[in-house]
Amino acid sequence: METGHGVATLRDVRDLCELYDVTDEAERNRMTRLAREGKQQGWWQAYDLPYSTYVGLEEEAVSIKIYDSAVVPGLLQTAEYGWALHAASLPKHDDNVIGQRIEVRATRQRILTRPNPPSLHMVLDEAVLHRVVGSPRVMRAQLTRVVEAMELPNVTIQVIPYASGAHPALDSVFTLLEFARPAPDVIYVEGLVGYLYLEQARDVRRYRDVFDRLSVMALNQRKSGELLRKVIMEHKG
């Protein structure tokens with residue numbers, strides 16, 4: 001249970017409440033409910049995903065803060081953009097696997113419009129707007145999707161323009177997942193080395209400070225939208 005490789009049973013919860021003198025009935029009921037819910041499978045567990053842990057965390061987060069310097073993150077990707085990214089990856093995946101991953105991303109995106117959705121704050125480097133993934137037509141549709149997402153009340157999107165020069169995350173991409181207390185916040189970093197989850201307070205604080213700095217350096221949402229619309233017009237063909 002302590003390492004996360006096993007799920008506490010209802011009997012475990014009752015015994016631990018006795019051991020630690022948890023006498024408040026409401027608290028005991030809350031712990032029992034959590035144990036019961038812990039046995040339920042999330043929708044994503046039906047898929048063979050290498051990042052299933054992340055999807056589970058994303059589902060529970062109350063706030064999601066993302067910085068990316070290369071591509072539009074999955075929560076806003078169109079199917080064609082996502083397909084082009086997977087087609088370029090190594091090792092190569094067959095069409096069935098890619099189709100499954102695209103389906104998963106489409107399902108993940110529903111959290112943005114569900115009742116009581118998480119807040120999403122995304123900061124993108126301007127390079128994301130210009131890198132042609134798939135084709136100019138795919139890029140126009142993808143950037144249009146980003147602009148449309150800006151209309152959601154729980155979504156903030158900013159772009160760091162080239163003119164801003166160097167910044168503290170030029171060589172990094174990361175996601176800060178924030179949860180209702182007392183659950184600790186988590187930093188998620190994805191790359192060729194795999195999937196990393198950082199929970200130490202000092203690591204979370206460092207990444208939060210970096211994200212705050214990036215949001216100050218970036219254009220505000222209105223100006224970011226103007227830049228996006230300008231680049232959309234530049235993707236011709």
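The values are calculated or read from the model by the stated rules, or taken from the named source; none is laboratory data. What you see is a predicted model, and the numbers here were worked out from it, not measured in a lab. Virtual Cβ from ideal backbone geometry, glycine too; neighbours counted across all protein chains shown.
General remarks:
- In this structure, LEU219 does satisfy being surrounded by 15 or more Cβ atoms within 10 Å (Cβ to Cβ), farther than 21 Å from TYR81 by Cα and in contact (Cβ under 8 Å) with a residue 60 or more places away in the chain.
- Scanning region 1-26 for residues that are modelled with pLDDT under 80 and of a type in the set (A, V, I, L, M, F, W, C) yields MET1, VAL7, ALA8, LEU10.
- Residue count, region 118-144 (criterion: β-branched (Val, Ile, Thr), outside any helix (DSSP H, G or I) and touching a strand residue (DSSP E or B) at 6+ places or on another chain (Cβ under 8 Å)): 1
- Selection from region 100-116 of residues that are of a type outside the set (Lys, Arg) and more than 25 Å from VAL210 (Cβ to Cβ): GLN100, ILE102, GLU103, VAL104, ALA106, THR107, GLN109, THR113, PRO115, ASN116
- First in region 44-60 and under 14 Å from GLU103 (Cα atoms), second anywhere and among the small types (Gly, Ala, Ser) and at pLDDT 85 or above, Cβ under 8 Å, 6 or more apart: TRP44/SER52; TRP44/GLY56; GLN45/SER52
- GLU199 vs. criteria more than 15 Å from the chain's Cα centre (by Cα), free of Cβ contacts under 8 Å to residues at least 12 places away in the same chain and surrounded by fewer than 19 Cβ atoms within 10 Å (Cβ to Cβ): no
- Residues considered: LEU219, LEU228. Of these, the only one that is at pLDDT 95 or above and part of a loop (DSSP other than H, G, I, E, B) is LEU219.
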